[in-house]
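Before any comments, here is the structure.
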Number of protein chains: 2
Amino acid sequence: MAFLYILDDWPPEEWLRAMRHLDTSLDLRVWPDVGRVKDIEFALVWKPPAGALLEMPNLKAIFSLGAGVDHIFRVGDLPEGVPVVRVVDANLTMRMSEYVMMHVLWHHRRQRIYDHFQSERKWRGLSQAGANETRVGIMGMGELGSDAARKLMMMGFKVAGWSQSRKHMDGIDSFQGRGELKAFLNRTDILVCLLPLTPDTRGILNAFVFKELAKDGPGDGPVVINAGRGELQVEEDIVAALDGGDLYAATLDVFEEEPLPPHSPLWTHPRVTVTPHNSAVSDPRAINAYILKQIKRHRTGEALENIANPANGY
Amino acid sequence: MAFLYILDDWPPEEWLRAMRHLDTSLDLRVWPDVGRVKDIEFALVWKPPAGALLEMPNLKAIFSLGAGVDHIFRVGDLPEGVPVVRVVDANLTMRMSEYVMMHVLWHHRRQRIYDHFQSERKWRGLSQAGANETRVGIMGMGELGSDAARKLMMMGFKVAGWSQSRKHMDGIDSFQGRGELKAFLNRTDILVCLLPLTPDTRGILNAFVFKELAKDGPGDGPVVINAGRGELQVEEDIVAALDGGDLYAATLDVFEEEPLPPHSPLWTHPRVTVTPHNSAVSDPRAINAYILKQIKRHRTGEALENIANPANGY
């Protein structure tokens, strides 16, 4: 039995070192040096080359390096019956909530304006709503969205979530499906997107959504924060909404094309924060440990956890 | 019976409107239009003029407009036996924790560097510790410090508090008194100061403290965040520590002189964030409601809550 890493542009050394630290017995291989393909029983993959996973007859499970599995699901590209396992990792979740909390607070507290005041040596206070007056809306209430929601609520924010299925969390309003999207947006001052990328969600952050965000909030105006996937957003619509007034500001960690091309107007827009897909970097130690736990479950006949559903794409 | 506001440069209208909304029966007066001084039984004060409170023979209690009471305690300036009441208000506490959380995360997540990258259109990720690897130390574990500590812990940070008396909070290390200050600093990457200003704490954020902060943390270097009072810090020492390497960065909401004078080097230091004493702005509605509750307690013979102790100054 061998374990294969397909890492795209991640340097493999850190992953191998972390895994050997956890389990010295594993036969570790790194794409494209696969060796005998029949040996490969498990693979951890990030953006696998087209068809790569079809060549391994004894593959038992495919683990996704990130929280999303959109980089794996491609039509006809996966061996039949081999489960794709999402990484559900407390460390990854913690990091994503750090990012969401920081940027929600940054907008809520009007810090962009204070930074500008500082650059002018201007001492001036602004009116300031409490968190209990600011409505945060989270699109995508999986592991990441639920954790961020709970933490934002604990800071005092009014929090709602929008998801495919109804969620039941104390103190958090749940909106479900396309039918309730408008109502969700109408009560949202700061929109946080943590959706999985699927055919249904591609391009969902568009002019319609920005137009429906609450315009009567206590802050400077509607804000969007996208830390999901770049293909969830229509960047042309974001720029138009910023300039037309449907959006006041945006914090974007992901982009239609990554790295974000130098000519993108997002780099220099005065009310856009660009971060280089750093919201929740996978920690090799934590992810390898999660995978070992799943492999152990598989070997002892227990079911794998967090298997993605090819029908809905996450 | 009359209620007196001494508001320094706060506009009185909002305070009067908020109070009338809560209780139409009160006889409200605003310094210096006190009317008959014998009528005044209660006063809400911010930086009262020297001796002002000595002139009111029937004063029952003095309420502080902010969380700190240092602006009231001056030798020989208070009528004997009249309690000075600290404002303990959930709204104020929530706002302070917003500020602390935002700026701790900002440093922890290295956002200053990412902002710089954005200005250069540079797409570059940096190594990033998790909150569970970053040690936050809070000086002052009263209402504000304890709330911030609890919320930072919930985000995953390693949190310790330093205070005059030992605190017992699950998951938070407690350091007590001058004897344990060095040990507290040695384990702290991000130092948050929420101390009351007293003769004991004046100037406590000085070269000694910065020198003792942990130099082996996972981030860019030691950080100080002061949202207490400006007189707690020695600004000359902050600048020297930033330039000498004992501090990597600072977020300052309060200053030795406010407004911060235009010639201060803090305005333009590349690793200093200056905010205009906006960390936790008092909400007139919430503070008036708190005062009415205390007046009611007093009238029904119950003890006032949160009475400051003149012996230790908070």
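Since every read-out is calculated from the coordinates, none of them should be taken as a lab result. Source: prediction; values computed, not measured. Ideal geometry is used to build each Cβ from the backbone, glycine not excepted, and the neighbour counts take in all protein chains shown.
With 0.36 nm allotted per residue and the present C-alpha distance subtracted, the A:Leu54-A:Asp77 stretch has 7.6 nm of extension available. Under 17 Å from a point placed 7 Å out from the Cα of A:Arg150 along the Cα-to-Cβ direction: which residues of the range B:138-161 have their backbone N that close? Answer for the range B:138-161: B:150-157. Per residue, the average separation of C-alpha pairs within less than 8 Å and at least 6 apart gives chain A a relative contact order of 17 percent. Residue order for A:Trp10, B:Trp123, fewest other beta carbons within 10 angstrom first, comes to A:Trp10, B:Trp123. Of the GluC sites (Glu not before Pro) in the range B:237-310, the ones in a loop by DSSP (not H, G, I, E or B) with at most 11 other beta carbons within 10 Å are B:Glu257, B:Glu302. Sorting B:Ile238, A:Ile138 by the number of Cβ atoms found within 10 Å of their own Cβ, with the fewest placed first, yields B:Ile238, A:Ile138. Distances between copies of B:Asp27, taken at a point 7 Å out from Cα along the Cα→Cβ vector and listed shortest first: 9.4 nm. Axis angle, to the nearest 10 degrees, between helix A:12-22 and the longest C-alpha principal axis of chain A: 70 degrees. Could you pull out every one of the aspartates and glutamates with an alpha carbon less than 17 Å from that of B:Lys211, ignoring same-chain neighbours closer than 8 positions? The qualifying aspartates and glutamates are B:Glu180, B:Asp189, B:Asp220, B:Glu235, B:Glu236, B:Asp237, B:Asp243, B:Asp246. Computed from Cα atoms, the angle from the helix B:90-108 axis to the main principal axis of chain B rounds to 10 degrees.
With a ≥ b ≥ c the root eigenvalues of the C-alpha gyration tensor of chain B, is it rounded (a/c under 1.5), prolate (a/b larger than b/c) or oblate?
Here chain B falls in the prolate category.
Expected output is a single nm value to one decimal: the length gained when fully extending between B:Lys182 and B:Glu14, i.e. 0.36 nm times separation in residues minus the C-alpha distance. What is it?
Here the answer is 56.0 nm.
Counting beta carbons within 10 Å around each of A:Thr201, A:Thr134, A:Thr24 and listing the fewest first gives the order A:Thr24, A:Thr201, A:Thr134. Can you give the angle from 0 to 90° between the axis of helix A:143-154 and the longest principal axis of chain A, with both taken from C-alpha atoms, to the nearest 10? Roughly 40 degrees, rounded to the nearest 10. Taking 7 Å steps out from each Cα toward its Cβ at A:Arg202 and B:Lys293 produces label points 5.4 nm apart. Need one word for the range A:1-64: rounded, prolate or oblate. Basis is the Cα gyration tensor (sqrt eigenvalues a ≥ b ≥ c); a/c below 1.5 gives rounded, then a/b vs b/c decides. Oblate is the answer for the range A:1-64, as a/c is 1.5 or above yet b/c matches or exceeds a/b. Taking each of B:Lys38/B:Lys60; B:Lys158/B:Lys215; A:Lys122/A:Lys215; B:Lys158/B:Lys182 in turn, the alpha-carbon distance tops 19 angstrom for A:Lys122/A:Lys215. Between identical copies, the spacing of B:Pro57 label points, each set 7 Å from Cα toward the C-beta atom, reads 10.7 nm from nearest to farthest. Label positions at A:Asp170 and B:Lys122, each projected 7 Å from the Cα along the C-beta direction, are separated by 4.7 nm. Taken residue by residue and averaged, Cβ atoms of other chains lying within 10 Å of the Cβ of A:273-282 number 5. With a ≥ b ≥ c the root eigenvalues of the C-alpha gyration tensor of the range A:193-273, is it rounded (a/c under 1.5), prolate (a/b larger than b/c) or oblate? It is oblate, given that a/c is not under 1.5 and a/b is not larger than b/c. For the range A:92-274, go through all pairs of different Cα atoms, get the mean of 1/r, take its inverse, and jot down that Kirkwood value in Å. The Cα-based Kirkwood calculation yields 16.5 Å. Contact order, relative form, for the range B:120-189: 30 percent (alpha carbon pairs under 8 Å, 6 or more residues apart, mean separation divided by residue count). Once the protein assembly as shown is represented by equal point scatterers at the alpha-carbon sites, with solvent omitted, what log10 I(q)/I(0) does the Debye formula produce at q = 0.06 Å⁻¹? Cα-only, vacuum Debye calculation for the protein assembly as shown: -0.38. With label points set 7 Å from Cα along Cα→Cβ, the inter-copy distances at A:Glu302 are 5.1 nm, sorted shortest first.
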